[in-house]
Structure formats: structure tokens, C-alpha cells
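*Asks:* Please read through the structure below; I'll follow up with questions.
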Amino acid sequence: MKINKSNYEFYKGVFKIIWEFEAKYAKVDPNAEFSPIKVLLNWEKESDSLARRGLREGLRDSLTGLKDLSSDLKTELNNSLISKSFPSINILTSQIRNVPKKVLEKGKIKNLDEYYIIKEILDDLEYEITKSERTDLNKIFGEFERNFKEKNAS
């Protein structure tokens, strides 16, 4: 997911809708001081780059977590997004869902974005991949970590 200066506000709007939805069902004040939206606003004051990176990570985490919602809740959130002219959940999550397939086809993780998506998938033992795919992803993941540490150790 590429978040840049031109699409930042768009993705921030998506993130805000998802956060308000999550807060509602967690019975949390969506405007609480610890709200990710408030954190994002503070980061915006500090650095545009920091805010974009934070939004990308937060949105990716939120989209990954949506798979655990019941179909009724997914429909409710989907309707909320669409009513505000945002893409559907399926469109938003398709980038994340395609990452394991792409990594397996290439046989390698190409960047930190893919690394964190694969990490979440491997940490989620109920994520729908075969045992063989999980084994292959673990090998690819370990190789990326080793290479990353070696590159950054010098």
C-alpha cells in the first residue's frame, strides 16, 4: 500500500472510519487521547514522513484484523466505507491478501512492507494458508531477516 502526499488524506479517511467502527464495538471513546487518529495528528505536526509511515502501518494492521469480523460486522463496515465514497473492504484488503502469493512466487520478500505482512500472517496460526505454504513462508521470512541483519550490521 503506497501512501504519499497526494493520497494521504484519502487513506486517513479510510483509517478514521475503520477506527471509529472498531472503537464502537470495543466500547472505547473514538476520541480518547490514545486514539490512533490523535496519535496521527501529533505525528503530522512532527513530520509528514512519520505520519505517512504511521498511517500505512496502522491501516495495514487494521485491514489485516478485519478477517476476524463476522460477516454482519464486515457488511456494516463495508456499507459505512462505501456510503462515504471509499473503496470496499475487499478492494482495500486485496493488496494484503495478494502478498503471500507474490512472495511465494518470487521466493523472496522484497521490502519491509512485505516483511511485516508476512510476519503477521505467520503469527496468525489460523490464517488460511496450507502447511506447505506456511513452511515456505517461514524459510523466506528467516532468510529476509538474516540478510537484513547482515546488511544493517555493516
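*Asks:* Among the residues of the stretch 128-144, what is the count of those that are surrounded by 10 or more Cβ atoms within 10 Å (Cβ to Cβ) and either more than 24 Å from K2 (Cβ to Cβ) or without any contact (Cβ under 8 Å) to a residue 12 or more places away in the chain (or both)? Let's see the steps before the verdict.
*Replies:* Residues of the stretch 128-144 that are surrounded by 10 or more Cβ atoms within 10 Å (Cβ to Cβ), as a first pass: 128-129, 133-144.
Of the ones still in play, those that are also either more than 24 Å from K2 (Cβ to Cβ) or without any contact (Cβ under 8 Å) to a residue 12 or more places away in the chain (or both) are 128-129, 133-136, 138-139, 142-143.
Within the stretch 128-144, residues that are surrounded by 10 or more Cβ atoms within 10 Å (Cβ to Cβ) and either more than 24 Å from K2 (Cβ to Cβ) or without any contact (Cβ under 8 Å) to a residue 12 or more places away in the chain (or both) number 10.
*Asks:* For K38, state whether it is assigned to a helix (DSSP H, G or I) and either closer than 25 Å to D68 by Cβ or in contact (Cβ under 8 Å) with a residue 24 or more places away in the chain (or both).
*Replies:* yes
*Asks:* Also, I was wondering about something else. Only one of (1) open to solvent by less than 40 Å² (accessible area, probe 1.4 Å); (2) among the hydroxyl-bearing types (S, T, Y); (3) not in a helix (DSSP H, G or I) fails for T93. Which number is that?
*Replies:* Just one mismatch for T93, condition (3).
*Asks:* Need the failing condition index for S80 against (1) out of contact with any Leu (no Cβ under 7 Å at 6 or more places or on another chain); (2) among the hydroxyl-bearing types (S, T, Y); (3) within 30 Å of R134 (Cα to Cα), just the number.
*Replies:* In the conditions (1) out of contact with any Leu (no Cβ under 7 Å at 6 or more places or on another chain); (2) among the hydroxyl-bearing types (S, T, Y); (3) within 30 Å of R134 (Cα to Cα), S80 misses (3) alone.
*Asks:* Those residues that are open to solvent by 40 Å² or more (accessible area, probe 1.4 Å) and within 12 Å of the chain's Cα centre (by Cα), I need them from the stretch 48-73; list them, please.
*Replies:* R53, R56, E57, D61, K67
*Asks:* Among (1) open to solvent by 40 Å² or more (accessible area, probe 1.4 Å); (2) touching a residue at least 40 places away in the same chain (Cβ under 8 Å); (3) under 16 Å from the mean Cα position of the chain (by Cα), where does E76 come up short?
*Replies:* Tallying (1) open to solvent by 40 Å² or more (accessible area, probe 1.4 Å); (2) touching a residue at least 40 places away in the same chain (Cβ under 8 Å); (3) under 16 Å from the mean Cα position of the chain (by Cα), E76 fails exactly one: (3).
*Asks:* Does any residue of the stretch 18-34 turn out to be within 13 Å of the chain's Cα centre (by Cα) and assigned to a helix (DSSP H, G or I)?
*Replies:* Within the stretch 18-34 (the criterion being within 13 Å of the chain's Cα centre (by Cα) and assigned to a helix (DSSP H, G or I)), the answer is yes, since at least one residue qualifies.
*Asks:* Just one of (1) in contact with a Phe, Trp or Tyr (Cβ under 7 Å, 6 or more places away or on another chain); (2) of a type outside the set (F, W, Y); (3) without any contact (Cβ under 8 Å) to a residue 60 or more places away in the chain trips up K2, so point out which.
*Replies:* Of the numbered conditions (1) in contact with a Phe, Trp or Tyr (Cβ under 7 Å, 6 or more places away or on another chain); (2) of a type outside the set (F, W, Y); (3) without any contact (Cβ under 8 Å) to a residue 60 or more places away in the chain, the odd one out for K2 is (1).
The values are calculated or read from the model by the stated rules, or taken from the named source; none is laboratory data. Here the structure is a predicted model, which means the values were calculated and not measured. Glycine gets a Cβ as well: all are built from the backbone with ideal geometry, and neighbour counts include every protein chain shown. Just so you know, the surface numbers come from the protein's heavy atoms only, side chains and all, with ligands and any DNA or RNA stripped out. Shrake-Rupley method; radii C 1.70, N 1.55, O 1.52, S 1.80 Å.
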